[in-house]
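The values are calculated or read from the model by the stated rules, or taken from the named source; none is laboratory data. Because the structure is a prediction, the values reported are computed rather than measured. Ideal geometry is used to build each Cβ from the backbone, glycine not excepted, and the neighbour counts take in all protein chains shown. With ligands, DNA and RNA removed, areas are computed over all heavy atoms of the protein, side chains included. Shrake-Rupley method; radii C 1.70, N 1.55, O 1.52, S 1.80 Å.
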Amino acid sequence: MRNTISYINEQLYNTLVASKEILGGCSQEISNCLDNAINKLNAPIQLAIIGKISSSKSTLVNAILGASDIVATGKAELTYNVNWLKYGSLDDDIKIVFKDGTFDIKPRKEWTRLANRLSDEEAIENEEPKQYIDKIKYIEVPYPSEILKYVNIIDTPGLYSYYRKDSENTISFLKEVKPDAVIMLFTKSILSEDMETLSKFQEKASETQRLFNLNPLNAIGMLAKMDECWKFSEKENPYSVCRRVIEDLKRENPILNTTFFEIQPISAMLALASTFVKEDFSLLSNLAKLDDNNIENMFKSKRHFLAGAGCITLTQEELKQLIGHYGLYGLYAIVTFIKQHNSCLPEDLALYLEQISGFKQFRKILLAHFRDRAVLIKTQNYVSEIIHTCEKVRNATNDIFTKELIDKVQIKIMTMLMSIHEYAEWHYLAKIYNGDFNHLEKNMVEEYKMICGENGNSVIDKLSLDPKSNVQDMRAKASERASYWNIQYNVARIRKPKDAELCKVMSESYKVLGQRIDEMAQKEKEAKEILNMAHAFFYGE
């Protein structure tokens with residue numbers, strides 16, 4: 001089985017280099033665009049986290065990276081400048097990139113002061129640093145988290161800030177940098193300000209500038225602070241409550257369906273809380289010794305909880321620490337879990353928090369939709385930028401020879417990409433999300449999304465099979481659907497030429513999946529033979 005990422009990168013690299021040769025020196029602007037794409041081929045995907053102030057953006061970043069103190073968090077408007085987290089050592093310096101294109105290198109200990117808002121007193125006492133901070137475009141911060149090898153995380157200042165400049169900085173930064181993907185956080189609902197922000201990303205590109213657009217291929221929405229929907233008196237799972245809220249929001253705002261792949265409930269605080277479990281475990285175990293009557297009283301509100309220090313062997317300071325780490329819902333869920341599992345270990349509790357916080361599902365989507373598809377997302381963005389630049393230069397010149405060379409470059413790039421099945425599959429998926437195939441029956445569109453991996457990347461997911469299905473079932477289903485869509489392709493070529501290529505790609509997708517099933521089945525057989533040999537070696541026949 002070929003390495004898809006390496007294959008696409010190699011093909012794209014060769015095509016971009018060949019395109020530069022075709023172009024010669026007729027357009028420095030297109031040449032620079034090609035160079036930029038070549039230089040970024042092996043770079044991690046750029047994922048921006050955006051949302052209103054105090055929507056748990058920085059807390060979510062910390063949860064993704066698995067530590068509580070990477071990015072400053074709190075109830076105040078802390079994040080002032082864009083933080084661009086990349087893989088590196090804690091011993092590495094930070095890089096300050098300014099709005100005028102220059103940069104500066106600073107010791108890591110300067111990061112908090114430069115990234116976060118100064119108090120009024122600090123601003124008065126440090127006028128020079130304040131002026132320095134205002135010139136910053138973003139701050140590159142190295143951190144040794146494995147996911148940063150594949151995904152760079154961009155933490156942005158809050159939208160709709162009291163400090164208007166913060167919101168303006170975030171919007172202008174995103175439109176200029178054009179990150180590969182975005183996670184947008186909402187809290188409790190989606191406000192008119194949120195819809196206004198979304199509309200700014202859905203504007204049509206001008207002739208001179210390709211705007212950054214949000215769509216289901218590059219954007220995920222998060223309904224944050226899920227735990228705050230919980231009420232002890234109702235005892236309902238906040239995840240379920242938020243799922244109903246999301247469905248209502250989608251019905252009320254159709255733009256959400258064409259903007260985000262998914263809107264997922266999450267409590268970033270609870271997701272991050274899993275990092276505190278080991279140090280808090282004895283306190284949590286003591287809390288779980290409460291009888292039902294005391295639980296009834298203490299979990300009515302935070303005020304009741306903090307007033308209940310006399311019920312257990314915990315001080316009010318310890319209760320404050322717990323409520324700060326886990327919130328009221330988190331603590332109630334933890335107490336219930338420990339009571340139901342007598343031999344509960346810290347690691348069991350940490351996994352449970354990941355599950356009830358929505359973080360486990362979020363991480364699955366994050367990795368499958370962004371990290372595992374990084375090469376396709378980046379390729380799509382590079383090609384879009386190149387094609388847009390070619391069109392801009394072509395429209396601005398009257399030289400026929402230059403126009404012909406530009407046409408050759410565009411044809412070469414698109415011909416190469418469409419010859420790669422994974423890209424062709426992605427290309428038509430983008431068209432579906434863009435509304436180009438709204439005339440198709442819903443079942444056909446849903447099946448195309450499914451075979452592309454939108455419902456999951458396993459063979460079971462792509463073929464919509466029972467989890468107990470065996471390899472023979474998988475082969476049969478893949479072969480049947482490949483044959484079906486090949487027939488539909490032949491019919492569509494005559495009756496509906498516009499749909500023919502989509503049918504052809506679907507048929508090819510099932511053929512490719514069938515080949516990979518055969519390859520993996522063979523590898524499984526070889527692995528079993530090796531295991532049998534090892535077992536015989538160690539233990540005899």
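The alpha-carbon positions of region 266-360 define a convex hull whose volume is 85 Å³ per residue. Calculate log10 I(q)/I(0) of region 424-490 for q = 0.27, 0.29 Å⁻¹, where I(q) comes from the Debye formula with a single equal point scatterer on each Cα and nothing for solvent. Once normalised to I(0) and log-transformed, intensities are -1.28, -1.33. The eigenvalues of the Cα gyration tensor, multiplied by 5 and square-rooted, give region 387-447 an equivalent ellipsoid with semi-axes of 32, 14, 7 Å from largest to smallest.
Only helical runs count toward this figure. For the chain, summing -39,500 (n - 2.57) over DSSP H runs of n ≥ 4 and dividing by all residues gives -18500 deg cm²/dmol at 222 nm. Taken over region 358-462, the alpha-carbon convex hull comes to 133 cubic angstrom per residue. In region 424-522, the portion of solvent-accessible area held by carbon and sulfur atoms comes to 47 percent [1.4 Å probe, whole percent, DNA, RNA and ligands not counted]. Using the Cβ of Pro346 as centre and a radius below 11 Å, the other residues enclosed give a net charge of -3, where K and R count +1 and D and E count -1.
Counting Lys and Arg as +1 and Asp and Glu as -1 over every other residue whose Cβ lies under 12 Å from the Cβ of Asn152, the net charge comes to +2. When peptides 507-518, 219-230 are ranked by their average number of other Cβ atoms within 10 Å per residue, the highest-first order is 219-230, 507-518. Averaging the Cα positions of each part gives two centres, and for region 9-59 and region 411-465 these lie 23 Å apart.
For the chain, the alpha-carbon radius of gyration amounts to 1.11 times the rule-of-thumb value 2.2 N^0.38 Å expected for a compact globular protein.
Please report the net charge: other residues with Cβ closer than 14 Å to the Cβ of Lys412, K and R +1, D and E -1. So the environment of Lys412 carries a net charge of -1.
Which of the three applies to region 224-279, rounded, prolate or oblate, going by the alpha-carbon gyration tensor with a ≥ b ≥ c and a/c under 1.5 meaning rounded?
Working: a/c = 4.27, a/b = 1.63, b/c = 2.62.
Since a/c reaches 1.5 but b/c is at least a/b, the shape of region 224-279 is classed as oblate.
Measuring with a 1.4 Å probe in the full set of protein chains, what accessible area per residue, in whole Å², belongs to the chain?
Working: 27220 Å² over 541 residues.
With the other protein chains kept in place, the chain gives 50 Å² per residue.
In the structure shown, the pairs Lys57/Lys278; Lys403/Lys449; Lys137/Lys403 are assessed against 28 Å; a Cα-Cα span above that value is assigned to Lys403/Lys449; Lys137/Lys403.
Coordinate range of the alpha-carbon atoms in region 218-337 per principal axis, descending: 53, 29, 21 Å.
For the pair Ser240 and Asn14 in one chain, pulling the backbone fully straight at 0.36 nm per residue adds 76.4 nm over the alpha carbon distance.
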